[in-house]
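*Asks:* Please find one structure pasted underneath; my questions will follow.
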Amino acid sequence: MEKSAYRRIGSLRTREEFLQYLETLGLDLPVDEWILAESEGSPMAQPLKVGPYTLPNRWSIQAMEGWDANDDGTPSELLLNRWKKFGDSGASIIWGGEACAVQEDGRSNPRQLCHNDAHADVMYHQLFDTVTTAHRKRLVKEGKNPDETFLVGLQLTHSGRFSKPWADRNTPRIAYHHPMLDARVKIDPVDDSYVVTDADLQKIRDNYVKVARCAWKAGFHFVDVKHCHGYLLHELLHAVNRPGPYGGSLENRLRFLWEVTDAIRTECPGLLVGVRLSIFDAVPGEPTRAQFGTIQNCLNDEDYEIVRIMAEEIGIDLLNVTAASPYYSVYAQRPSFTPAVEAVLQPDGTMKIPPRIDPPEDPLFGCVRQMVNARELKKRFPNLPMIGSAYTYFQEYLPQVAQAAVRNGWIDSVGIGRMVLTYGDIISDSLAGRPLDRCRICRTFSDCTTAPRNGMVSGCYPLDKDYKEKTEALCLKQLKKR
């Protein structure tokens, strides 16, 4: 199916048209006819039990990888404004809000939020206070109890092979060599200097615990020990050929998470531990992973065993279900109609803009594939609270799909990421029974990715007036035109 045959969601003006188009693709997806308000018993307003907490609704804000922190890793005004939007959304779970690197060489870009010892007493309080203040203001505005329970987490990360803490060079650190992925970041496949040693991992582990302790002291309710999207801990899960205590057997590959979780429980009483997990990958040449243009259960026996150990033996408190990687399988991870553009620095100092690679399938396949696989996990582990991903692309029909997914037990809570950059009110509007504002709906133009990948701050340039007026907006238009 050529991209020219893909229908834009905005062109499907009714639920019936949307369902008909899904049928032409062979996709079976529940889409409720009506968006029920909170006062009408909406499934999205049913309580959700997470650890000792009972949450009032089934919406979550996904962690996003910001590109607009200060150079020293501390929150900038732009970053804090984004956290205000997270809190103002009305969601019951703020899943990390932002990916925070636990050490400088693990930043995915020079402007990613990053732990800074000199400012640790301030930066985590800034983040927590910003999001909680905005949340309480939203509740007061809607006549609700401002002390209503909601959870704020901090996503902890080390970017591994995709680390780029300095603008002029990559500094990849890998768990093991992989022929295709090594080539992606220009690693010599026989150069072991890129491989993190066991001693390196133990230092990184200690930094995860240190940042978790800072978040706990600031008031955060949980931390996410991130295992997704091709970053370091995601790679450890697949390090079957790595020797030593962190590779080979499944027990060894989960050792890092086990050690971190045990240490957090000892040093941070009451702090919950979550994991955002890529439950399947889409690396060419690897078996049992997603095939474009099809919908199937991508999970194998080891995938289920990983989640079982996390839930029943390590004892994580909540799971955020995602898939694949934005670096090598973006259409399986973050379905979009328009792909991002990334200029590449050439040896002579010029920038080369590669041709766009159109989606190999209608983006709806990527959305439904993630939902179906999350449903299979939920069947196996009904007592583990799970947050779902890949919902933004449904656009006008996001609330109807989300409501149907929760009502049918496919997932416990629905997470949105890109959508909240311009229309976080989609949550409070749907819970209140208000009509959606079509002019603010994310259309997945990918500018929020294209801009930072080319050295500009992250944000929604097409729809957010604050970003439309930035000088970067003109640069972005010129880049896309070229």
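The values are calculated or read from the model by the stated rules, or taken from the named source; none is laboratory data. From a predicted model like this one, the values you see are computed outputs, not experimental measurements. Glycine gets a Cβ as well: all are built from the backbone with ideal geometry, and neighbour counts include every protein chain shown. Accessible surface is based on the protein model in full, side chains and every heavy atom, while ligands, DNA and RNA are left aside. Shrake-Rupley method; radii C 1.70, N 1.55, O 1.52, S 1.80 Å.
*Asks:* Select from the stretch 22-50 the residues that are free of Cβ contacts under 8 Å to residues at least 40 places away in the same chain and not in a loop (DSSP other than H, G, I, E, B) and write down the one among them that is nearest to Pro382 (Cα to Cα).
*Replies:* Selected residue: Glu23.
*Asks:* Right, next: If I go through the stretch 157-179 residue by residue, how many of them are assigned to a helix (DSSP H, G or I), without any contact (Cβ under 8 Å) to a residue 60 or more places away in the chain and either under 21 Å from the mean Cα position of the chain (by Cα) or buried (at least 19 other Cβ atoms within 10 Å of the Cβ) (or both)? Can you show your working first?
*Replies:* Let us first name the residues in the stretch 157-179 that are assigned to a helix (DSSP H, G or I), namely 160-162, 179.
After this cut, where a residue has to be without any contact (Cβ under 8 Å) to a residue 60 or more places away in the chain as well, the list is 179.
Restricting the remaining residues to those that are either under 21 Å from the mean Cα position of the chain (by Cα) or buried (at least 19 other Cβ atoms within 10 Å of the Cβ) (or both) gives none.
Adding up the residues that qualify gives 0.
*Asks:* Which residues, taken from the stretch 184-202, are of a type in the set (A, V, I, L, M, F, W, C) and open to solvent by 70 Å² or more (accessible area, probe 1.4 Å)?
*Replies:* Kept after step one, since they are of a type in the set (A, V, I, L, M, F, W, C), are these residues of the stretch 184-202: 185, 187, 190, 195-196, 199, 201.
Within the stretch 184-202, just Val190 meets the criteria.
*Asks:* Taking Gly66 as the residue in question, decide whether it is outside any strand (DSSP E or B), modelled with pLDDT of 95 or more and touching a helix residue (DSSP H, G or I) at 6+ places or on another chain (Cβ under 8 Å). Even if it seems obvious, please write down each step before you answer.
*Replies:* Details: outside any strand (DSSP E or B): yes; modelled with pLDDT of 95 or more: no; touching a helix residue (DSSP H, G or I) at 6+ places or on another chain (Cβ under 8 Å): yes.
Spelling it out, it is not the case that Gly66 is outside any strand (DSSP E or B), modelled with pLDDT of 95 or more and touching a helix residue (DSSP H, G or I) at 6+ places or on another chain (Cβ under 8 Å).
*Asks:* Go through the stretch 61-81 and count every residue that is closer than 14 Å to His115 by Cβ, surrounded by 16 or more Cβ atoms within 10 Å (Cβ to Cβ) and not small (Gly, Ala, Ser).
*Replies:* Selection size over the stretch 61-81: 3.
*Asks:* Of everything in the stretch 208-224 that's surrounded by fewer than 24 Cβ atoms within 10 Å (Cβ to Cβ) and not aromatic (Phe, Trp, Tyr), which residue is nearest to Leu55 (Cα to Cα)?
*Replies:* Result: Gly219.
*Asks:* When you check Arg205 against the structure, is it over 21 Å from the mean Cα position of the chain (by Cα), touching a residue at least 24 places away in the same chain (Cβ under 8 Å), surrounded by fewer than 22 Cβ atoms within 10 Å (Cβ to Cβ) and in a helix (DSSP H, G or I), yes or no?
*Replies:* On the way: over 21 Å from the mean Cα position of the chain (by Cα): yes; touching a residue at least 24 places away in the same chain (Cβ under 8 Å): yes; surrounded by fewer than 22 Cβ atoms within 10 Å (Cβ to Cβ): yes; in a helix (DSSP H, G or I): yes.
For Arg205, the condition - over 21 Å from the mean Cα position of the chain (by Cα), touching a residue at least 24 places away in the same chain (Cβ under 8 Å), surrounded by fewer than 22 Cβ atoms within 10 Å (Cβ to Cβ) and in a helix (DSSP H, G or I) - is met.
*Asks:* Continuing with this model, one more query. Please list, ordered by first then second residue, the pairs with beta carbon atoms under 7 Å, 6 or more apart or interchain, first in the stretch 453-482 and at pLDDT 85 or above, second polar (S, T, N, Q).
*Replies:* Listed pairs, sorted by first residue: Cys460/Thr422; Leu463/Thr422; Asp464/Thr422; Leu476/Thr450.
*Asks:* Consider the stretch 110-134. How many of its residues are in contact with a strand residue (DSSP E or B) (Cβ under 9 Å, 6 or more places away or on another chain) and either open to solvent by 70 Å² or more (accessible area, probe 1.4 Å) or assigned to a loop (DSSP other than H, G, I, E, B) (or both)?
*Replies:* Looking only at that region, the number is 4.
*Asks:* All but one of (1) closer than 22 Å to Tyr467 by Cα; (2) part of a loop (DSSP other than H, G, I, E, B) hold for Leu78, so report the exception by its number.
*Replies:* (2)
*Asks:* Looking at Glu17, Glu33 in this structure, which one is within 24 Å of Ile441 (Cα to Cα) and either open to solvent by less than 100 Å² (accessible area, probe 1.4 Å) or of a type in the set (A, V, I, L, M, F, W, C) (or both)? Before you say what the answer is, go through the steps one by one.
*Replies:* Values: Glu33 fails: either open to solvent by less than 100 Å² (accessible area, probe 1.4 Å) or of a type in the set (A, V, I, L, M, F, W, C) (or both).
Going through Glu17, Glu33 in turn, just one is within 24 Å of Ile441 (Cα to Cα) and either open to solvent by less than 100 Å² (accessible area, probe 1.4 Å) or of a type in the set (A, V, I, L, M, F, W, C) (or both): Glu17.
*Asks:* Name the single residue, out of those in the stretch 331-346 being outside any loop (DSSP other than H, G, I, E, B) and buried (at least 21 other Cβ atoms within 10 Å of the Cβ), that is modelled with the lowest pLDDT.
*Replies:* Of all residues in the stretch 331-346, those outside any loop (DSSP other than H, G, I, E, B) come to 331-333, 344-345.
Adding the requirement that they be buried (at least 21 other Cβ atoms within 10 Å of the Cβ) leaves 331-333.
Details: Tyr331: 83, Ala332: 86, Gln333: 90.
So, considering only residues that are outside any loop (DSSP other than H, G, I, E, B) and buried (at least 21 other Cβ atoms within 10 Å of the Cβ), the one modelled with the lowest pLDDT is Tyr331.
*Asks:* Looking only at the stretch 317-327, count how many residues are in contact with a strand residue (DSSP E or B) (Cβ under 8 Å, 6 or more places away or on another chain) and either open to solvent by 10 Å² or more (accessible area, probe 1.4 Å) or basic (Lys, Arg) (or both).
*Replies:* To start, the set of residues in the stretch 317-327 that are in contact with a strand residue (DSSP E or B) (Cβ under 8 Å, 6 or more places away or on another chain) comprises 317-325.
Filter again for either open to solvent by 10 Å² or more (accessible area, probe 1.4 Å) or basic (Lys, Arg) (or both), leaving 317.
Counting residues in the stretch 317-327 that are in contact with a strand residue (DSSP E or B) (Cβ under 8 Å, 6 or more places away or on another chain) and either open to solvent by 10 Å² or more (accessible area, probe 1.4 Å) or basic (Lys, Arg) (or both) gives 1.
Residues checked against (1) over 18 Å from the mean Cα position of the chain (by Cα); (2) modelled with pLDDT under 95:
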site: Gln370; (1), (2): no, no
site: Asn383; (1), (2): yes, no
site: Ser389; (1), (2): no, no
site: Gly433; (1), (2): yes, yes
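*Asks:* Every residue in the stretch 324-338 that is aliphatic (A, V, I, L, M) and over 13 Å from Tyr231 (Cα atoms), please. Please lay out each step first, then the result.
*Replies:* Pass one, the stretch 324-338, residues aliphatic (A, V, I, L, M): 324, 330, 332.
Within the stretch 324-338, Val330, Ala332 qualify.
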